[in-house]
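The structure under discussion appears below in the form of structure tokens.
The values are calculated or read from the model by the stated rules, or taken from the named source; none is laboratory data. Quantities reported herein were computed from a predicted structural model and do not represent experimental measurements. Ideal geometry is used to build each Cβ from the backbone, glycine not excepted, and the neighbour counts take in all protein chains shown.
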């Protein structure tokens, strides 16, 4: 794998550059206002994938950890954008290298959580290859956003409902698989279960 990626590099990029790339290659549009973005550059210095991390906003996420993880100790991987013709294992290479950069920049981070939308065919192959732990399924229901003029838009935070006016079509949250990455010094999934029990 190292030989295949000789001359490739994972580097931090600004939000605008990540947003432009993600909007081209990801089913969801937009990025969190505050986020940390990393790109996979090939040997010709061309971006071949982008991963984005942010601070979780939902208090429900911390309940998953039985309140053993503080807010500053958890990040969420909110986007993994890869082109359809990406090189085999490019996703796992990007995720694994970016996790190292995240830890170097934010040493207090203990865990990273992400969600895979199985209803759209995403089962988390990349995350399983990087030793993320399966944390079960999220609950289906509630509004995730809406579609207007054939483009998906996220619902605004705190918005109770979405009307059907002006061509807006509400989209309910789909069932997703949760995956969590534990940094080695924090321990494994089994260590977490001991702490939480």
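Evaluated against (1) on the phi < 0 side of the Ramachandran plot; (2) part of a strand (DSSP E or B), residue 27 falls short on exactly one condition, (2). If residue 162 meets every condition in (1) modelled with pLDDT under 70; (2) in a loop (DSSP other than H, G, I, E, B); (3) surrounded by fewer than 15 Cβ atoms within 10 Å (Cβ to Cβ) apart from one, which number is that one? Of (1) modelled with pLDDT under 70; (2) in a loop (DSSP other than H, G, I, E, B); (3) surrounded by fewer than 15 Cβ atoms within 10 Å (Cβ to Cβ), only one is false for residue 162: (3). Of everything in region 8-24 that is surrounded by fewer than 17 Cβ atoms within 10 Å (Cβ to Cβ) and under 15 Å from the mean Cα position of the chain (by Cα), the residue that is modelled with the lowest pLDDT is 23. Applying the condition of being in contact with a strand residue (DSSP E or B) (Cβ under 7 Å, 6 or more places away or on another chain) and assigned to a loop (DSSP other than H, G, I, E, B) to region 52-82 and asking which residue is modelled with the lowest pLDDT yields 69. Scanning region 42-65 for residues that are surrounded by fewer than 18 Cβ atoms within 10 Å (Cβ to Cβ) and more than 14 Å from residue 110 (Cβ to Cβ) gives 42, 43, 44, 45, 46, 54, 57, 58, 59, 60, 63.
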